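The values are calculated or read from the model by the stated rules, or taken from the named source; none is laboratory data. What you are looking at is a predicted structure, and each value in this text was computed from that prediction instead of being measured. All Cβ positions, even for glycine, are placed from backbone atoms using ideal geometry, and neighbour counts span all protein chains on display. Note: accessible area is taken over every heavy atom of the protein model, side chains too, but ligands, DNA and RNA are not part of it. Shrake-Rupley method; radii C 1.70, N 1.55, O 1.52, S 1.80 Å.
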Amino acid sequence: MVNLFKIASYLKISLLSLSAGRLRSFLSIIGVVFGVMAVIVIIAVGEGAKAEALRQIEKLGTTNIYIKSVELAEDKKQHAMRMRPPGVTSDDLARIRTGCPHVSAAAAVVEIPVSVIGAFKEITPQIVSCTPSYADVIDLRLQSGRFFTGSDITGHYQVCVIGDHVYEKLGSGGGVGNRLRIGDHLFKIVGVLERYDIKSPKTGAVSARNYNEMILLPEGSETWLLPSTGSESAGNTLSELIIGIDTVSHVPEASGIIKKIMAMNHKNIADYQVVTPLELLQQSKKTNELFNLLLFGIASVSLLVGGIGIMNIMLATVSERRREIGIRRAVGAKQKHILVQFLTEASLLTFTGGIIGIGAGLIAVFVLKLASPWELVITAQAIILPLIISSLTGIFFGSFPAWKAAQLDPIQALRG
Amino acid sequence: MPAPLIEISNLSKTYTLGNESLAVLKGVTFCVGQGDFLAVMGPSGSGKSTLLNILGCLDRPTSGSYSLNGVNISHASDNGLSEIRASVFGFVFQSFNLISNLNVYDNVSMPFLYAENSKKTVYEKTMRAIEDVGLSDRIHHNPDELSGGEMQRVAIARALVRHPKIILADEPTGNLDSGTGTAIMKLLKDLNNSGTSLILVTHDTQTASWAGKMMTLKDGKFV
Ligand SMILES: Nc1ncnc2c1ncn2[C@@H]1O[C@H](COP(=O)(O)OP(=O)(O)OP(=O)(O)O)[C@@H](O)[C@H]1O
Ligand SMILES: [Mg+2]
């Protein structure tokens, strides 16, 4: 039977004797404090990176497959140009549509290297043209106005949808209905995108575009904005193709087929890159396992060091308190009672170390958050785990001293 | 006739240090009845404390038998001896043996940690014991704030708090002046008058005269 009164009594004894040697108790738990603190900070950094990667990947869409144009080195370019326009083309899209099952949607994006006339100081808006399906495929949401429709394309309307930062920078001239000058043309703003919370700038293939700083034009706008592009024969060069697959379970199969179609169509010239967010997701899970292993290593080493400190101090405590042990044995304490008393004391010590370590860790995370661009995430697990582990450290490293205390002969102990 | 409380027969204790052995008790035989007050005397090193520790189940005899309430406990386990100490004996030592970081109340209530009692019972019995030794106004004081006589009163309160059958006192007045010593002996005598058996170790005849029966150890035997 668990007797609360007894537990309270043991805790009280432990607290009284720990506070009798306050400075020493404090010094002995420093190792545990720093161990726990390190664990909290590392978990926060790791969770932050994981959350950021997940967000980026999820923004890309787990049912999507991206095909991006890649610039070839100069010598290879010459050779490739002879056969077909470089990079991903609308011809690729047509072949994927006929050759790959499970395709539910597709969107094409072309980056247009023109400048916008306006008061853009801090930002350089990226101008792209895209199909109306782009909004659905990557789940773009509007805060006002509308996205493109088929008639914007067929009618060659000069309309645009702008990102939130662009909207802010334009000030009063940024609302729906206003006109925006791009190159030599005026475009009417028909929609404004919702603000997207994008923490870190591009980090390789994983990153989503910064929609806040984009100006979207209807597909085909590039042909009259930049009259030099385009040789209709094998389709135009696209910056990016996004293929939407009907369900997540079909993505691996579709990804394989698309890679084959692309390889065939491009005659093995690597002027494109296929990026499957789902695969990135799986890769990031693997990276996480590695990270957890590292974390486990650091935690074990620091708690080992902290634990040895505790063992040391508990051994000293036991030999200083032989007389107390003798008195307790004389009034009827069994060996197990002495064992429990010293185990309680050791785990209370490390538990306190854990609490202080968590406090210090949270402060460190808070400061890091202010001082660095990293995303830091504190999970419940990051707090509970160190508490449990630090208490267990106390029990583990306290057991030898406690066992020694329990084994003392009552008479010898009473002699002090 | 009922069995005596304690029955010791032909008990001996030999300490072995390396290859030297020292026979301290060489076959002692005696009985202690309920309510007895026995004083054990003898010169220093004669084995008085050794005998008292064996009686109190803190130590084991080398040979001989020890029956408590008619039960032979010579071969009881460590746990068994702990239980006997908890339920039958109360100890009072020459050097008081209080726990320095606990106050009077916590020192006196300490034996209850190793027994099953409700919080209320513990409180009532502890307060009663402190009252019995006249320290009700010092409950929250720590040992280092008490005089020698007061510390010994606390030790007596701790010894009697669970109403033991036998109180074992090893030179309880040894560290006190004669006036305070007399007060402590009065307290112990009162306890004995109310039915608790008392075994007192002393080398002072004045102190021993409080007892109903005196025995002297010499060369490992009673003379
Ligand atoms: N653990 C031990 N190991 C070896 N010898 C011991 C041990 N305990 C006691 N002795 C020896 O046994 C003898 C009796 O000791 P004990 O403490 O019983 O004497 P005492 O009669 O109580 O003396 P005093 O009046 O000085 O307290 C002493 O010679 C002592 O040195
Ligand atoms: Mg002695």
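Things worth noting here:
- For the range B:55-72, the residues whose amide N sits under 18 Å from a probe point set 7 Å from the Cα of A:D409 along the beta carbon direction are B:55-64.
- A:F296 accessible area, 1.4 Å probe, all protein chains in place, Å² to nearest 10: 140 Å²
- Computed over the alpha-carbon pairs of the range A:260-386, the distance histogram in 5 Å steps reads 2, 7, 10, 13, 11, 10, 9, 8, 7, 6, 5, 4, 3, 2, 2, 1, 1, 1, 0 percent, short to long.
- Relative to one another, the C-alpha centroids of the range B:88-139 and the range A:352-380 are positioned 46 Å apart.
- Positive-end residue of A:G174, A:P386, B:L113, charge dipole of the protein assembly as shown with Cβ unit charges: B:L113
- Helix-only mean residue ellipticity at 222 nm for the protein assembly as shown, each DSSP H run of n ≥ 4 adding -39500 (n - 2.57), per residue, nearest 500: -15500 deg cm²/dmol
- Comparing A:E219, A:E345, A:E320 in a Gaussian network model of chain A, where Cα atoms under 10 Å apart are tied by springs, the biggest mean-square fluctuation is seen for A:E320.
- Averaged over the residues of B:50-56, the number of partner chain Cβ atoms lying within 10 Å of the residue Cβ comes to 1.
- Nearest 10 degrees, 0 to 90: helix B:119-132 Cα axis against chain B principal axis: 80 degrees
- Sequence-distant residues sharing a close amide H with B:G64 (under 5 Å, placed H): B:S12
- Per-residue shielding of B:153-162, expressed as the average number of other chain Cβ atoms within 10 Å of the residue Cβ, stands at 1.
- Farthest toward the positive end of the dipole of chain A, out of A:V159, A:H250, A:V103, is the Cα of A:H250, where the dipole comes from beta carbon charges about the Cα centre.
- Report note on the peptides A:135-147, B:156-168, A:398-410, A:283-295: ranked by the mean count of other C-beta atoms within 10 Å, highest first, their order is B:156-168, A:398-410, A:135-147, A:283-295.
- Taking 0.36 nm per residue of separation and subtracting the current Cα-Cα distance, fully stretching the chain between A:K260 and A:Q283 would add 6.1 nm.
- Per residue convex hull volume, Cα atoms of chain B, in Å³: 139 Å³
- Using θ = phi - 60° in the Karplus curve 6.51 cos²θ - 1.76 cosθ + 1.60, the 3J(HN,Hα) couplings for the range A:173-181 round to x, x, x, 4, x, 6, 10, 10, 9 Hz; x is entered for Gly and Pro.
- List A:R195, A:R415, A:R24, B:R153, ordered by accessible area with a 1.4 Å probe, largest first: A:R415, A:R195, A:R24, B:R153
- A simple spin-label model places the labels of A:L293 and B:T182 8.3 nm from each other, with each point 7 Å out along Cα-to-Cβ.
- In the protein assembly as shown, taking the dipole from charged Cβ atoms about the Cα centre, the farthest positive-side position among A:L226, A:A44, A:Q335 is held by A:Q335.
- Label-to-label distance, A:D197 versus B:F30, with points set 7 angstrom from Cα along the beta-carbon direction: 8.4 nm.
- Distance between the 7 Å Cα→Cβ label points at A:T124 and A:R179: 2.8 nm.
- Per residue, the convex hull volume that the Cα atoms of the range A:88-129 enclose (Å³): 95 Å³
- Measuring nothing but alpha carbons in the range B:61-166 and taking Rh as the Kirkwood radius, the Rg to Rh ratio lands at 1.03.
- A 1.4 Å probe, protein heavy atoms only, puts the accessible area of A:F26 near 100 Å².
- Summing charges over all other residues whose Cβ lies under 9 Å from the Cβ of A:P132, with Lys and Arg as +1 and Asp and Glu as -1, gives -3.
- Taking 0.36 nm per residue of sequence separation and removing the Cα-Cα distance, the B:S194/B:Y15 pair yields an extension gain of 60.7 nm.
- The angle between the Cα long axis of helix A:335-371 and the main principal axis of chain A comes to about 30°, on a 0 to 90 degree scale.
- Once the Cα-Cα distance is subtracted from the 0.36 nm per residue extended length, the A:I153 to A:I384 segment shows a gain of 77.5 nm.
- Take every Cα pair under 8 Å whose residues are at least 6 apart in sequence, average their separation, divide by the length of chain A, and the relative contact order is 30 percent.
- DSSP finds beta bridges in the protein assembly as shown, and of those with both partners inside it, around 65 percent are antiparallel.
- Estimated FRET transfer efficiency when R0 is 41 angstrom, pair B:K218-B:M127 (beta carbons, to 0.05): 0.40
- Counted charge near A:I258, where neighbours are those whose Cβ lies closer than 15 Å (Asp, Glu -1; Lys, Arg +1): -1
- Directionally averaged projected area (the protein assembly as shown, Cα convex hull): 45.3 nm².
- Angle between chain B longest axis and helix B:78-88 axis [Cα atoms, degrees, rounded to 10]: 60 degrees
- Estimated FRET transfer efficiency (B:N79, B:A3; beta-carbon r; R0 30 Å; 0.05): 0.80
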